[in-house]
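> Could you have a look at this structure, given as structure tokens, before my questions?
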Amino acid sequence: MTHPYKIKPACILSPLTSADESQESYCAGFELSEWRCDGLADNLMEWITDYALKSDELRDSNHTNNYVRLKQAASRVYISENYKRRGEVGEIAAHAICRTYFATIPVAARVNYLSASNDPVKAFDLVHVRYIKDDQIELWLGEAKFFKSRDGAISDAITSIGKHINAGFLKNEKLLLGPQISSDIPHSNKIKALLASETSLDELIENAVFPVLVAANSDAITGHTEKCEAYSKSVSDEMNVLWQKLTLSGLTKKIRIKLIYVPLLNKDELNKAFDNRLKALQH
């Protein structure tokens, strides 16, 4: 039987620039000379079941219960009316990009560890596994920042990562994630071993990649109506500034970071477009 994570939606966030293997940008593109805000909101909705449902729920999905599964996923993303302060748009974008372009699969759905108030606990925004060759694995432990300001997003990311790679946090994260590893995930025993309390944190970090997604308003988009060399150059310049801040923080010397930059025309408009679609499924 095909593993449910082998099947995934298409992703409209396509690669734009890649300065090196540590930093890449992805863009929703343009349509009729306008940045694809509605197109991206629609596409993020297509990803919510893959993001929010567990592997057994995805496996049991079919044409008779697809709508029910979609509503289940919508209720798990968030139920707050204060959507302006939510960051799930960034988390779903990170999930879609990593699944599509790096062939990762979720180890534990982010929404499977929420508090009773539907507020996320302090944890990584993305926990995936990537299979390299033979039986080698990488744990992808990600941060996603969905901000208006690029500077605000990267500053917040640096603070979060700094907190998340300390010994106390990582030990708690292992305790949280370990029991959630499904036995049907390929090489689940290796993943569980990395997350075991007996395993050194050094070994965990050695086998981990820390993707950092920054989705924020871009000056490059405001001056263009299509993908072109000048647009790509402007986005690349913005991405390089973000990478420089990560480098100056010292984090790139401690862990393997992959910066994923998603330029937006207007963060608030995208957030509202996504929330309208989500709420339509929740009522």
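The values are calculated or read from the model by the stated rules, or taken from the named source; none is laboratory data. Only a predicted model underlies this, so the values are computations on that prediction, with no experimental measurement involved. FYI the Cβ positions are ideal-geometry reconstructions off the backbone, even for glycines, and counts take in every protein chain you see. Protein only, heavy atoms only, side chains kept; ligands, DNA and RNA dropped before computing areas. Shrake-Rupley method; radii C 1.70, N 1.55, O 1.52, S 1.80 Å.
> Work from the charge dipole of the stretch 204-283 (Cβ charges, +1 for Lys and Arg, -1 for Asp and Glu, about the Cα centre) and give the residue of 270, 212, 240 farthest towards its positive end.
Positive-end residue among those listed: 212.
> Have a look at the DSSP beta bridges in the chain and tell me what percent are antiparallel, nearest 5.
50 percent
> Right, here's the next one. Taking all protein chains together and a probe of 1.4 Å, list 164, 224, 63 from the most accessible to the least accessible.
63, 224, 164
> Hey, with R₀ at 30 Å, roughly what FRET efficiency would residue 80 and residue 149 work out to, going by the Cβ-Cβ distance, to 0.05?
Between residue 80 and residue 149 the formula returns 0.85.
> Computing the accessible area with a 1.4 Å probe over protein heavy atoms, can you report the carbon and sulfur percentage for the chain?
Result for the chain: 49 percent of the exposed heavy-atom area is carbon or sulfur.
> For the peptides 274-280, 35-41, what is the packing order when you average, over each peptide's residues, the other Cβ atoms within 10 Å and list the highest mean first?
The most tightly packed comes first, giving 35-41, 274-280.
> Work out the FRET efficiency for residue 46 and residue 182 from their Cβ-Cβ distance, taking R0 = 30 Å, and round it to the nearest 0.05.
So the FRET efficiency works out to roughly 0.85.
> Looking at the square roots a ≥ b ≥ c of the eigenvalues of the Cα gyration tensor of the chain, which shape do they give, rounded for a/c under 1.5, prolate if a/b is larger than b/c, or oblate?
Oblate is the answer for the chain, as a/c is 1.5 or above yet b/c matches or exceeds a/b.
> Residue by residue through the stretch 274-282, which ³J(HN,Hα) values in whole Hz follow from phi under the Karplus form 6.51 cos²θ - 1.76 cosθ + 1.60 (θ = phi - 60°), with glycine and proline marked x?
5, 4, 4, 5, 5, 5, 4, 7, 8
> Let me spell out the model: positive unit charges on the Cβ of Lys and Arg, negative unit charges on the Cβ of Asp and Glu, origin at the Cα centre of the chain. What dipole size does that give, in debye rounded to 20?
The dipole of the chain has a size of about 560 debye.
> Anyone know which of 72, 23, 244 comes out most mobile in the 10 Å Cα GNM of the chain?
Highest fluctuation of the listed residues: 244.
> May I pose another question? Using alpha-carbon positions, what is the distance between the centroids of the stretch 1-62 and the stretch 145-221, in Å?
What the calculation gives is 20 Å, centre to centre.
> If you don't mind, another one. Any idea of the accessible area per residue across the chain, 1.4 Å probe, to the nearest Å²?
Value returned for the chain: 46 Å² of accessible area per residue.
> Would you kindly state the longest site-free stretch of the chain, with sites defined as GluC sites (Glu not before Pro) in a DSSP loop (not H, G, I, E, B) surrounded by at most 15 other Cβ atoms within 10 Å?
Result, exposed sites excluded: 82-197.
> What net charge is computed for the residues neighbouring residue 280, neighbours being all others with C-beta under 15 Å from the C-beta of residue 280, Lys and Arg scored +1, Asp and Glu -1?
-1
> I need the calculated FRET efficiency for the pair residue 20 and residue 225, taking r as the beta carbon distance and R₀ as 30 Å, to the nearest 0.05.
E(calc), rounded to 0.05, equals 0.55.
> Another question about this same structure. Given only helices, namely DSSP H runs of n ≥ 4 each adding -39500 (n - 2.57), what is the per-residue ellipticity at 222 nm of the chain, to the nearest 500 deg cm²/dmol?
-13500 deg cm²/dmol
> Determine ³J(HN,Hα), in whole Hz, for all residues of the stretch 36-53 in sequence, where each value follows from phi through the Karplus function 6.51 cos²θ - 1.76 cosθ + 1.60 and θ = phi - 60°; x replaces Gly and Pro.
After applying 6.51 cos²θ - 1.76 cosθ + 1.60, I find 7, 5, 5, x, 5, 4, 4, 5, 4, 5, 5, 8, 5, 5, 5, 6, 9, 9 Hz.
> Same structure, new question: Can you give me the convex hull volume of the Cα atoms of the stretch 205-283, divided per residue and expressed in Å³?
Cα-based convex hull of the stretch 205-283, divided per residue, equals 143 Å³.
> Just to be sure I understand: with springs between alpha-carbon atoms less than 10 Å apart, which residue in 191, 48, 132 has the highest mean-square fluctuation in the Gaussian network model of the chain?
Result for the chain, Cα springs under 10 Å: 132 fluctuates most.
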